[in-house]
Amino acid sequence: MRIKLRDLVILPLLAVVTPALLFKSTDLALQQKYTTSASHLGRCLDYAHATAGIPGIPNCTTHDKTFETPLVEYEFNQCGYRSGGQCKPFSTDVYGIAILGSSVPFGQFVPYDQTIVYVLPDYLSSQQQGKYAIENFSRMEEYPQASSKLVSEAIALKPKLVLWILSPFDVSTSTLSSDYAYKFFKLTEHNNHLGFWGEQAKSISSVALILSTLHDHLKNRILETRAATFLLELYYHGQGKQRYIRQYLRGQDSEIGYLPTHPSEAWKESYQAFNQSIAQMSVLTRTAGIPFVVVLLPTRAQEVMLNSGSWPPGYDPYLIDQKVKSIVTSHGGIYLDIFPECARITGLEKHYFIQNAHPDGFAHTVFARLIAQQLTSGIIPALRTQQPVGKEQ
């Protein structure tokens, strides 16, 4: 049978259009289940001055909601931080803590009264009586090089302690400079998409990597739909933990490279750059006579592995925890190792958002409790307590 030219055009076109229409119709059918807010966090972010993470616009308030998160209010103080602090030196009658970090300690997707920075003082008070105050210097896209710049600003408020809250993602971005981030924030702020992709192409060394970047961009756009959120929820809730881990480990090195027992060259470079940031911050805090404390929070995949007590050969959920601890302590910093306690908490992996992988409000309160327990365990003499440390149920 002779194949007509129009068939060579129409059939492939139908193969593309039909699934697209089904996907779009599913997306429309889920409008009531998955809602978003008219406003968004970006309305209160000052991209024009993103030289050390993205600061907030002073005294700005907005709301934001994604398909899987609650409606969250973001309120920034007069210094552009999502913090209850007053942008002035801590009073001498309180134990002041300055917190650094990126989106997790910033509290993205989490109501402020459920964030680590909000509930930590209460947990500290329950362990060791006293008055505690926190100034949160965390920002969106606050790469380690940005935190090393902001630590001087934190020290200027004369805290009793500087606490850097990290995730494996933060360590992976250690090689990214603030100048790099600033350039792209400026382009995206003015919707200069041509300029953005032009600069992106200049920074990529091969056509294959450019195509890979475009592929990732398209994939992210698809994942941001209601249909994708629905399908991902069905997938993740319907599979077992071990199957989830096998699927997760198929991800790109930039996303899962903190787990292999033999890290890639890219991750080795990230650890080296992270070491440099720790060295800079340690010198500044030591000169100021302020304890420098670092804590690493586990990802959802790590929590699954930690809680089950098993993981595939060639991978280790404790690896990045041990590496960060070694780097921090080698420069005289204090490391809070909460991984052993996280391994004992059943069901914590359920308290991470599926799409964006951030911990939810419940997970924030758990992490705050574990941080408070570590801080009052004797590792910080001024916070030592004799009260028994309770265990999370």
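The values are calculated or read from the model by the stated rules, or taken from the named source; none is laboratory data. This structure is a prediction, so every number in the text was calculated from the model and none was measured. All Cβ positions, even for glycine, are placed from backbone atoms using ideal geometry, and neighbour counts span all protein chains on display. SASA here: full protein model, heavy atoms, side chains in, ligands and nucleic acids out. Shrake-Rupley method; radii C 1.70, N 1.55, O 1.52, S 1.80 Å.
Quick notes on this one:
- Residue within the range 336-344 that is touching a Pro at 6+ places or on another chain (Cβ under 9 Å), open to solvent by less than 10 Å² (accessible area, probe 1.4 Å), part of a strand (DSSP E or B) and not β-branched (Val, Ile, Thr) present: no
- The single condition among (1) open to solvent by less than 20 Å² (accessible area, probe 1.4 Å); (2) touching a Ser or Thr at 6+ places or on another chain (Cβ under 8 Å); (3) part of a loop (DSSP other than H, G, I, E, B) that residue 85 does not meet is (2).
- Flag if residue 317 is within 28 Å of residue 148 (Cβ to Cβ) and part of a loop (DSSP other than H, G, I, E, B): yes
- Any hit, the range 279-297, residues being part of a helix (DSSP H, G or I), among the aliphatic types (A, V, I, L, M) and over 28 Å from residue 175 (Cβ atoms): no
- Failed criterion for residue 316 (all others in (1) open to solvent by 50 Å² or more (accessible area, probe 1.4 Å); (2) of a type outside the set (Phe, Trp, Tyr); (3) over 22 Å from residue 368 (Cα atoms) hold): (1)
- Matching entry among 154, 146, 48 (being open to solvent by 10 Å² or more (accessible area, probe 1.4 Å), under 30 Å from residue 273 (Cα atoms) and in a helix (DSSP H, G or I)): 48
- Annotation note: Cβ proximity below 8 Å between a residue of the range 76-88 that is at pLDDT 95 or above and a residue that is in a loop (DSSP other than H, G, I, E, B) and charged (D, E, K, R) (sequence gap 6+ or interchain) occurs for 76/82; 80/46; 81/139.
- Residue tally, condition farther than 22 Å from residue 94 by Cβ and surrounded by 18 or more Cβ atoms within 10 Å (Cβ to Cβ), over the range 368-389: 1
- Meets criteria (over 20 Å from residue 380 (Cβ atoms), touching a Phe, Trp or Tyr at 6+ places or on another chain (Cβ under 9 Å) and crowded, with 19+ Cβ neighbours inside 10 Å) for residue 297: no
- Here is the figure for the range 63-80: residues that are under 25 Å from residue 369 (Cβ atoms) and surrounded by fewer than 22 Cβ atoms within 10 Å (Cβ to Cβ) total 6.
- Among all residues of the range 187-205, there is at least one that is crowded, with 18+ Cβ neighbours inside 10 Å, assigned to a helix (DSSP H, G or I) and either at pLDDT 85 or above or touching a helix residue (DSSP H, G or I) at 6+ places or on another chain (Cβ under 6 Å) (or both).
- Yes/no for residue 63 being farther than 30 Å from residue 131 by Cα, at pLDDT 95 or above and under 26 Å from the mean Cα position of the chain (by Cα): yes
- In the set 276, 302, only one residue is open to solvent by 40 Å² or more (accessible area, probe 1.4 Å), assigned to a helix (DSSP H, G or I) and at pLDDT 95 or above; that residue is 276.
- When every residue of the range 208-222 is checked against the conditions, at least one turns out to be loosely packed, with under 14 Cβ neighbours inside 10 Å, among the acidic types (Asp, Glu) and modelled with pLDDT of 60 or more.
- Extreme residue, surrounded by the most Cβ atoms within 10 Å (Cβ to Cβ), among residues of the range 89-104 that are within 27 Å of residue 277 (Cβ to Cβ) and out of contact with any helix residue (DSSP H, G or I) (no Cβ under 6 Å at 6 or more places or on another chain): 101
- Restricting 118, 132 to those that are closer than 22 Å to residue 62 by Cβ and open to solvent by 20 Å² or more (accessible area, probe 1.4 Å) reduces the list to 118.
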